Amino acid sequence: MPVGIFRVCLVVITAIVNHPLLFSKENGTVLENTEEIIQKMKEREESLRLEQLRLEQEIADQEATQKALEKAAEVVEESKEEKVRWDMWTALSMVIFLLIELWRQDFQEGNWQDTGGEEDDMAVLGKAFKGVAFPDKAVLASFYEKRILATTGDMARMREMVEGFADDLLEALRSVCNRDADMEVEDCMGVGSMYENWRVRKPFVCDLIVPFAPPEPYCFRSQTWCSGDSFPPDEQGYGTIKVCRADEDVTGCICDKTKLGEDMLCLLHSQANTTRPSSEMEDLLCFKNTQYLDADQVMKWFQIAVTKAWNRISHKYEFDLSFSLLDSPGALKIKFKSGKSIAFNLTPVVQYENSDVYFISHFPRSSLAADVPSSTHWFLTFAVYERRFIQLVSKMLPANACHVSCLQILSFLHGKQCSLTGPSGLTNYHLKTVMLHLLQARPSQDWAPEKLEARIQDMLKFLEKCLHEKKLYHFFIGNERVPAELGFPIIFQSAEPLNLFRPFVLRRDVYRKTVDTFHEMLRNMSALIKEYTVHIPLAHTNGIHKESF
């Protein structure tokens, strides 16, 4: 019992001691601290909530950026795949196109001369010939007799006179040259239209080429565009000429290409032969600091030598001799006291190996011809073989064959048209090339004199086709059907065909002018022939008829 009373008393005392009224100040402080803590907790909670929102926003931005990068990567990958597919299709299309083009060229090259047979077998466009008034056989025959033959009758005497004088001039040139130091000049040869008997336009000009060689112990070693080394397309048809000692190795020694030490000696060449002074090579007409023959140096040397030779023999002749063209080394003109003159070209050339192909120093340029790559590049001429081919084929043709007549008539018409409308890219050499192709393609009986009209039409058809395709191949280069009797060099016969109309692809203005001149010539053909034809009685002709071909 006393224990229970004690416990009750203890509880009462404890309650009294802890009554709030007894500790008012301390309890107020506790309340205030509690509210401050709650406020801070709220502020902390708010800052945490804002930080959480910021972090969530950053995470969302990063996810959006990542998705954008992934999408961009997918787009790039798709574009790459699409580009690869497009490139594959493009490459495949180009391969197919190239195969078709190669097949077409091979087909044309294999059949470029197979134009014989019936006239309907000719590849004819025909648009340029619609409505063209073409003269008949009688009008053409009269035109040829009255206009062509009447103006070419004196060519034989002119050739004889020029050749005799040229021989005398070259003999004098040899006498004034130093045989130990100057170039050795050989006899001249006649080439071109005057010696192939198809020149019709005045003034008549004889073309003579003069081979020359270096003095001993030197020799010429030539290199052409088809000799194996790569030549740019604009250098096709050209070659270079190297002046070497006759005992020099053709392939060259390594001592020329490698700098030997002072204590090393080439066992093949002595020290005296390893180098040559530049002045010595310049005396041999080489380009500065090289061994390559310079066409400009040759031009200067030849003009000086010809001048000296003429001064030695001028007292024997009653005419004057002068250079008619400053940029051509041998363009000479004989002037008689009566006022008449005769022009001829005496051009220095270098023989290619042991053939009748020649490197020519200066070639007559046309508006179609490209600029010469450099003065060390020499153009190759096949004029001697062209003359021989015409002579060889003429022996197998009927008497009074019309092949030369066709070329003369077309050359006359083209020259007249150019005098009216200005020069074009088409030259007489192109017309001659067309005739050479047809001479090889057609049977000999097709060139009988009574078929003059048909053969002129064939030449015009062939020329129109070539102009349309911008392709006229050189007759000899790449032609495997050249007669073996000519002895033509195999290296040119097996080479890629040389397109004489290639500049048309690069010069559209000249091509357009050439095509317009050709069409204008067709339209004016009848009028030009009638203008130079003596009246023909009606009993001998059917007049002018229209024919589309």
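The values are calculated or read from the model by the stated rules, or taken from the named source; none is laboratory data. What you are looking at is a predicted structure, and each value in this text was computed from that prediction instead of being measured. Positions of Cβ are backbone-derived with ideal geometry, glycine not excepted, and every protein chain shown enters the neighbour counts. Keep in mind that these areas ignore ligands, DNA and RNA; they rest on the heavy atoms of the full protein, side chains included. Shrake-Rupley method; radii C 1.70, N 1.55, O 1.52, S 1.80 Å.
Go through region 322-348 and report how many residues are within 17 Å of M194 (Cβ to Cβ) and either open to solvent by 30 Å² or more (accessible area, probe 1.4 Å) or part of a strand (DSSP E or B) (or both). Before you say what the answer is, go through the steps one by one.
Within region 322-348, the subset within 17 Å of M194 (Cβ to Cβ) is 324, 328, 330-334, 341-347.
Of the ones still in play, those that are also either open to solvent by 30 Å² or more (accessible area, probe 1.4 Å) or part of a strand (DSSP E or B) (or both) are 324, 331-334, 341-347.
Number satisfying all stated conditions: 12.
Suppose we filter region 182-231 for residues that are in contact (Cβ under 8 Å) with a residue 12 or more places away in the chain and assigned to a loop (DSSP other than H, G, I, E, B); how many remain? Walk me through it before giving the result.
Applying the first criterion (in contact (Cβ under 8 Å) with a residue 12 or more places away in the chain) to region 182-231 yields 182-227.
Next, from what is left, pick out any that are assigned to a loop (DSSP other than H, G, I, E, B): 182-183, 186-188, 192, 197-204, 214-217, 225-227.
Residues in region 182-231 being in contact (Cβ under 8 Å) with a residue 12 or more places away in the chain and assigned to a loop (DSSP other than H, G, I, E, B): 21 in total.
Residues in region 464-473 that are under 23 Å from A383 (Cα atoms) and surrounded by 21 or more Cβ atoms within 10 Å (Cβ to Cβ): C466, L472, Y473.
Of the residues making up region 392-402, those that are open to solvent by less than 10 Å² (accessible area, probe 1.4 Å) and at pLDDT 95 or above number 0. A single entry from I544, I529 fulfils the requirement of being in contact with a Lys or Arg (Cβ under 9 Å, 6 or more places away or on another chain), within 15 Å of I456 (Cβ to Cβ), at pLDDT 80 or above and among the β-branched types (V, I, T): I529.
Listed here are the helices (runs of 4 or more DSSP H) enclosed by region 396-502 that have at least 2 residues being under 19 Å from L528 (Cα atoms) and either out of contact with any strand residue (DSSP E or B) (no Cβ under 9 Å at 6 or more places or on another chain) or aliphatic (A, V, I, L, M) (or both): 403-421, 428-441, 452-469. Say we look at region 474-493 and pick out the residues that are surrounded by fewer than 12 Cβ atoms within 10 Å (Cβ to Cβ) and free of Cβ contacts under 8 Å to residues at least 40 places away in the same chain; which of these is nearest to N428 (Cα to Cα)? Here the answer is E480. Taking every residue in region 385-401 that is closer than 21 Å to F359 by Cα and pairing it with any residue that is of a type in the set (D, E) and assigned to a helix (DSSP H, G or I), at least 6 positions away or on another chain, the pairs with Cβ-Cβ distances below 9 Å are E386/E196; R387/E196; R388/E485.
Of all the numbered requirements in (1) part of a helix (DSSP H, G or I); (2) of a type in the set (A, V, I, L, M); (3) at pLDDT 80 or above, A272 misses one, and that requirement is (3).
Is it true that some residue in region 515-526 is assigned to a helix (DSSP H, G or I), farther than 30 Å from E145 by Cβ and open to solvent by less than 40 Å² (accessible area, probe 1.4 Å)?
Yes, there is a match, as at least one residue in region 515-526 is assigned to a helix (DSSP H, G or I), farther than 30 Å from E145 by Cβ and open to solvent by less than 40 Å² (accessible area, probe 1.4 Å).
Of the residues R159, R174, the single one that is open to solvent by 40 Å² or more (accessible area, probe 1.4 Å), in contact with a Cys (Cβ under 7 Å, 6 or more places away or on another chain) and on the phi < 0 side of the Ramachandran plot is R159. In the set (1) surrounded by 13 or more Cβ atoms within 10 Å (Cβ to Cβ); (2) touching a residue at least 40 places away in the same chain (Cβ under 8 Å), E450 fails one condition alone, (1).
Residue-by-condition table, conditions (1) at pLDDT 85 or above; (2) of a type in the set (A, V, I, L, M); (3) surrounded by fewer than 19 Cβ atoms within 10 Å (Cβ to Cβ); (4) in contact with a Gly (Cβ under 7 Å, 6 or more places away or on another chain):
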{"position": "L368", "(1), (2), (3), (4)": "no, yes, no, yes"}
{"position": "T376", "(1), (2), (3), (4)": "yes, no, no, no"}
{"position": "F379", "(1), (2), (3), (4)": "yes, no, yes, yes"}
{"position": "I390", "(1), (2), (3), (4)": "yes, yes, no, no"}
{"position": "S405", "(1), (2), (3), (4)": "yes, no, no, no"}
{"position": "F412", "(1), (2), (3), (4)": "yes, no, no, no"}
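What number of residues in region 138-154 are in a helix (DSSP H, G or I), open to solvent by 40 Å² or more (accessible area, probe 1.4 Å) and modelled with pLDDT under 80? Residues in region 138-154 being in a helix (DSSP H, G or I), open to solvent by 40 Å² or more (accessible area, probe 1.4 Å) and modelled with pLDDT under 80: 1 in total.
So how many residues does region 311-321 have that are assigned to a strand (DSSP E or B) and without any contact (Cβ under 8 Å) to a residue 12 or more places away in the chain?
Applying the first criterion (assigned to a strand (DSSP E or B)) to region 311-321 yields 319-321.
Then keep just the ones that are without any contact (Cβ under 8 Å) to a residue 12 or more places away in the chain; that gives none.
Here the count works out to 0.
Residue-level analysis places T65 outside the set of residues that are among the hydroxyl-bearing types (S, T, Y), open to solvent by less than 100 Å² (accessible area, probe 1.4 Å) and either in contact with a helix residue (DSSP H, G or I) (Cβ under 8 Å, 6 or more places away or on another chain) or modelled with pLDDT under 80 (or both).
Does F212 satisfy the condition of being out of contact with any His (no Cβ under 9 Å at 6 or more places or on another chain), buried (at least 19 other Cβ atoms within 10 Å of the Cβ) and farther than 30 Å from I241 by Cβ? Considered against the rule, which asks whether it is out of contact with any His (no Cβ under 9 Å at 6 or more places or on another chain), buried (at least 19 other Cβ atoms within 10 Å of the Cβ) and farther than 30 Å from I241 by Cβ, F212 comes out as no. Here is the figure for region 192-225: residues that are in contact with a Ser or Thr (Cβ under 9 Å, 6 or more places away or on another chain) and over 17 Å from P329 (Cα atoms) total 12.
Name every residue in region 414-428 that is more than 25 Å from the chain's Cα centre (by Cα) and open to solvent by 20 Å² or more (accessible area, probe 1.4 Å), in order of residue number.
Within region 414-428, K416, S419, L420, T421 meet the criteria.
For region 285-335, the set of residues classified as at pLDDT below 90 and touching a Pro at 6+ places or on another chain (Cβ under 6 Å) consists of M299 only.
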